[in-house]
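Structure first, then comments.
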Amino acid sequence: MNSLLNKLLVILLLLCAISSGCAFSPAHLNLDYQSELGKKSPLSTIKPLTVSLNVEDQRVAGERDRVGNKKNGFGMVTAKVESNKEVGAIIYDAIKAELETNGHKVVSSKDSQPDVTINTRLVKYWGETNVRFFEIEMVATLNADISVLNPRNNSIAVSKPIEATFRESRQIATDGAFESVLNGALAEFIRAFSREPSLLEALRANQ
Amino acid sequence: MSACGNGLSGYQKGGGVILTENSRLRSTSSSVVCLLMLFVFSLCTDTSGTRVPLNPTQLLKIKKVGTLVKKEEDFSVRLSRAKMSGVGAVFGLIGAGIEAGLRSSNDAKLEEGLKPILGDYDITKVTAENLNKRINSQKVFGSSDIASVEDSEALRKMGIDGVLEVTFKEWGLRLCSSSSVLEQVQVGLGVHGRIFLLGDGSTIWERNDLYLDGECRRVEEFRLSEGMLKNALSRAADNLAGRVVNEILFP
């Protein structure tokens, strides 16, 4: 019986080791917004616009080089959670993809005169783990202020904070778990952006 | 016996249960199997965002919807609580608890200062009216009416066959995380929304959302300026209604 139990324990430990990676080595994540093919949002109800899109990374200094921290059971930081792609570019590409899926065109303001400018000020993009008795809660947050401007006089039509949170309950906080929860927050952020009435109204006013 | 049974397969002697070596082994291994199954099944569970995605064909089952808006908590201010320093946690769970308690008490004082300004302001009534107006103008359902009661029999008598239920988990002021000025707050509405059919009670859409207004001011400004807090709450409630309707129209 003991040998069977020992074998099962070894298998369980190996499973944990393989699936959790190393808690002391940095995680490198592929963060990306996956828009569902052909799935429209209320942005599609607005006449096609040419949009100049800008993303400014305004995250606090301690969070600029990472999107989270790996922690041990005592809550001590053991390694960084980093994004393979620049975070500003991830947000830019996500908003661009959503606008283009809904029939709008993202242009460079230098090349052509856009109908409208969308400025995004990224405040937070962070994933963390909260160790509980039966589970590890993974929470990711994405906060950004989105402003819609008239490019002719740079007047702000509307400015709105969008806060998106995504939570998952897990048994092991693997690198993949961080990636999943941060991608979840990004998807929620885009969902909120494309369904926010005041932003839609401001975009509609420029059509 | 199921794999997760108690593993008793020994023989009885003198009213007691005696387990053989084999049955003990089986009992232990079935417990380990149960633990492994629990481990695998609980690997990942979504707990936020859209919990039940809407299938547009299910919307067609509803000819007339009732909009029911409820609240689970009173007006709140989350300023001090949102700035937990971690100093308390240095002294363990008890320290963290003491810090949380002190901060909640600070927020409660701010709440008490703002409640007289709100008077009989009813966030549920304002939101229900906005939702009803937006549902009717955007023709989300055949027709819509405000459901003032939860009794399904009474709702059926009103000709309602589905209910859009919005529950405020939180409504009040929250710390502005993006503000460069310290101690500024904005209106925050934490809601749980769902649509259920009155016929079989099945939920056809369910989602959690936190809606932030974005206009950041000091608590004092909300307290001293006539109508500012009510206006901010009503503006946020209207925008929230718009967001809910957009969520339903574009699931």
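Only the coordinates and a few stated rules stand behind these numbers; no lab work does. Here the structure is a predicted model, which is why all the values come from computation and not from measurement. Here the Cβ positions follow ideal geometry from the backbone for every residue, glycine too, while neighbour counts run over all protein chains shown.
Below are the figures for this structure:
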quantity	calculated
Sequence ranges A:95-102, B:138-145, ranked by mean other-Cβ count within 10 angstrom, highest first	A:95-102, B:138-145
Cα→Cβ-extended label distance, 7 Å offset, between A:Asn84 and A:Val131, nm	2.9
B:Asp74-B:Thr167 pseudo-label distance in nm [points 7 Å out on the Cα-to-Cβ vector]	2.0
Viscosity 0.890 mPa s, temperature 25 °C, Stokes-Einstein D of chain A from Kirkwood C-alpha radius, µm²/s	131
Reference-scaled alpha-carbon Rg (2.2 N^0.38 Å with N residues) for region B:105-251	1.17
Gain upon complete extension [A:Phe24, A:Phe74; 0.36 nm per residue less C-alpha separation]	16.6 nm
Fully extended contour minus Cα-Cα distance, from B:Ala82 to B:Ala108, at 0.36 nm per residue	8.0 nm
For chain A, calculated [θ]222 nm from helices alone, where every DSSP H run of n ≥ 4 adds -39500 (n - 2.57)	-10000 deg cm²/dmol
Hz values of 3J(HN,Hα) by residue in region B:196-206 - Karplus curve (6.51, -1.76, 1.60), Gly and Pro given as x	10, 8, 6, x, 10, x, 6, 8, 9, 7, 8
Candidates A:Gly68, A:Gly38, A:Gly184: whichever shows maximal mean-square fluctuation once chain A is modelled as a Gaussian network with Cα springs under 10 Å	A:Gly38
Residues in region B:218-245 that a label on B:Lys133 would reach, taking backbone N under 16 Å of a point 7 Å out along Cα→Cβ	B:230-245
Eligible lysines near A:Lys105 by straight Cα distance, threshold 20 Å, same-chain separation 8 or greater	A:Lys39, A:Lys40, A:Lys47, A:Lys96
Per-residue average of Cβ from other chains inside 10 Å of A:161-174	5
Separation of the B:Asp200 and B:Ser225 label points, Cα + 7 Å toward Cβ, nm	5.1
Average beta carbon contacts from partner chains per residue of A:193-204, 10 Å cutoff	3
Vicinal HN-Hα couplings computed from phi for region A:27-38 (Karplus, 6.51 cos²θ - 1.76 cosθ + 1.60; Hz; Gly/Pro x)	8, 10, 9, 9, 8, 7, 8, 9, 7, 6, 4, x
Descending semi-axes in Å of region A:154-207, equivalent ellipsoid built from Cα gyration tensor	33, 9, 8
For A:76-84, mean number of other protein chain Cβ atoms within 10 Å	0
Theoretical FRET efficiency, 1/(1+(r/R0)^6), r = Cβ-Cβ of A:Ser108 and A:Gln207, R0 22 Å, to 0.05	0.60
Derived scalar couplings ³J(HN,Hα) [region B:57-64; Karplus, 6.51 cos²θ - 1.76 cosθ + 1.60; whole Hz; x for Gly, Pro]	5, 5, 4, 5, 5, 9, 8, 10
Positive-end extreme of charge dipole, chain A - chosen from A:Leu49, A:Ala89, A:Ser112 (charges on Cβ)	A:Leu49
